[in-house]
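A quick write-up on the structure given underneath.
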């Protein structure tokens, strides 16, 4: 029996997807599940995308350029310039989704055994990309009591070692819904060049911003031309999660050159979706305003319902379409599994993501879950009814109102 | 200025794509280029694929399952069973093209610094995947004089060290067109478990086989259930290079579990193409017979023309749609660049891939090029006219008939 590599052993199962077998079993029993566990929006993808991929003149689905269709790189660069991010087409690499953009940025920066600092709770796949590349994630813990705000720069400095090469932030934040302030980002701007670290910002939720100020891109921080990489995606912006089209954007020419060579090794991103996304880039601004206002209404509903539940802590949610909330439970993994295995009301239940998978520090997130509010307001309201009933019935409930503890099978 | 990682520095530029700027410049001068440099077939993708992706009922392009659409895994497993490869759907992972399948197989097996043995000339991107994963490629050189046949097992054994974890073979072979015999493969079958190595076979050209015997899959070698991984793709089979859909197939459940977790980190392969490929799987066998016979005719034409050129060595070509041939030239990189920069006949030239990028051993392949015979017979014939003229005119020609040597700029 051949031995698996260390990275294969280390690679975590997705916290979002590892409950899938229990969900399948519940569905097989006829239970309807409200999926608040995964960031799959219910919004329709833009008609212009569909029109372009249905072009009857397409006959041979050929490789595209490894760095992406030149027309798409141009169009995307023009879009960034229109929102105040000054980049050229050569500074935009089309990637196979935002996942690949983050992975390429990390791999261009980090040798095996080197360290990347990431605020936690974090997008779980950063841990996966680190495992794949045999690099180490060093977490900076953020707290629900502070609305998961970016910690002071001294918290980052304390974690910098001779092996530290990069910082990854997600803004607006998955899984927390945090939006970082200018002042917080400017502290990182001063820190990164001082220690020669690359600041990688995952900004795929830029359009989902409920604050009054625009999202400050890492590429809008002065003096970071060589030290900043922005990662983006069409998955959330255009509700095109299955398209697998993203962008790595940087003014660091050497890093871009490396990323292009990484791209050549995998030949190209999907061609058909590049054609569709090029057309979708013309989507009018009104589409995004409408989508954002819908999510804002959902956010308001979610926060109102959660805050009315005894023992539940719902922080201030400023962006993206997630909230990480504290529940009066003993163990989030157990609770989320129990929701699928042992709970239903009128044949329905709700699926959540345990927050444990979003923390790198062992033991954190045990009483937290991530909620993706990607369902319409009626369904979201019903999901909150179900969660409220479930919390009342859950045998592992903690705090005031807890049931007598009963052992689990 | 932040330092790039060692893997970023090591990652080679694609030998197939690094001449692209010279090709662009030639096109800008109005020169028509016959592209024999890249394995992009000119064959139309199956109509069933286009029909499926144009389904007007598709409205939201959602994530698929990380391991691929269950229906596609089932259909692909059934296809393998129909050609004598006995696997279940759980033994088939849908990957983002064959590239990802090979990369996942290597990463599940190899730690940084460990070694994978690969016959050279090899598909250049194996070197790229190794660089990305910080692992070492140990080449076993094959020779044009032997039609690039697999060397005896003792050549592999000589290269096995305590750090060796895997062997990668490509059968039918890119860039050589070799098809490995049963006897050669059986030697590897005995070797792999003896040294506990994983045998990774890239079989994406299975349908392009001009020998009388069927291609022997690595999954048809007895006793290798724990040690064999097969990598496949729809790029060549269905002329769907831009679809980025491939398959990792193995009976090693632990390795499959690791590959699925790798897959979860990048969420899913492109959804729309999975829908299209599921439909394309029903393509009648007559399509493949027709395509193969067209390529056989091209192969015959190519070999006839090349063998009639003085100083050219064209080996026996048994499969895929490539040939690695020896030319009477001083330096393949220089020659291929010269074809684009300084040569034309009636406003036309030909683009080839220098073989140097397909060798890991420095200095090999200097007088060899890879020809992808992916153009129709008229265009292929014209390309050979151009190559013949070019060889007569090239200032760096060697051997009988060489021009006096003139220095290059």
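For the reader, a short list of remarks on this structure follows.
- Nearest-0.05 FRET efficiency for residue A:377 and residue B:254, computed from C-beta distance (R0 41 Å): 0.40
- The alpha-carbon atoms of segment A:78-175 define a convex hull whose volume equals 128 cubic angstrom per residue.
- Cα convex hull of segment A:203-270 - mean projected area over all directions, nm²: 5.4
- Between segment A:253-308 and segment A:161-187, the C-alpha centres lie 19 angstrom from each other.
- For chain B, the mean residue ellipticity at 222 nm estimated from helices alone is -11000 deg cm²/dmol, where every DSSP H run of n ≥ 4 contributes -39500 (n - 2.57) and the total is divided by all residues, rounded to the nearest 500.
- Ellipsoid fit via the Cα gyration tensor, segment A:47-280: semi-axes of 30, 19, 16 Å, each the root of five times an eigenvalue, largest first.
- Values of log10 I(q)/I(0) for segment B:218-371 across q = 0.11, 0.17, 0.19, 0.20 Å⁻¹ run -0.71, -1.17, -1.21, -1.23, by the Debye formula with one identical scatterer at each alpha carbon and no solvent.
- Long-range tail of P(r) for segment B:41-107 (Cα pairs > 18 Å, %): 57
- Pair-distance distribution of segment A:304-379: all C-alpha pairs, bin width 10 Å, starting at 0; shares per bin in whole percent are 18, 49, 30, 3.
- Segment B:138-231: C-alpha gyration tensor shape, a/c 1.5 cut-off, then a/b vs b/c: oblate
- Diffusion constant of the protein assembly as shown at 25 °C, which comes from Stokes-Einstein with the Kirkwood Cα-pair radius and 0.890 mPa s, µm²/s: 88
- Taking chain A as a Gaussian network of alpha-carbon nodes connected by springs under 10 Å, the highest mean-square fluctuation of the residues A:303, A:323, A:201 belongs to A:303.
- Once the gyration tensor of the Cα atoms in segment B:122-187 is diagonalised, the equivalent ellipsoid follows with semi-axes of 21, 16, 10 Å, ordered largest first.
- Based on every Cα atom in chain A, Rg and the maximum pairwise Cα distance Dmax equal 21.4, 67 Å.
- Counting neighbouring beta carbons within 10 Å and listing from fewest to most, the residues B:122, B:256 come out as B:256, B:122.
- Applying D = kT/(6 pi eta Rh) to segment B:1-94, where Rh is the Kirkwood radius over alpha-carbon pairs, T corresponds to 10 °C and eta to 1.306 mPa s, the Stokes-Einstein value obtained is 85 µm²/s.
The numbers here are math on the coordinates, done by the rules we state, and not lab data. Keep in mind that this is a model prediction, so the values were computed, not measured. Glycine also receives a Cβ, built like all others from the backbone with ideal geometry; neighbour counts cover every protein chain displayed.
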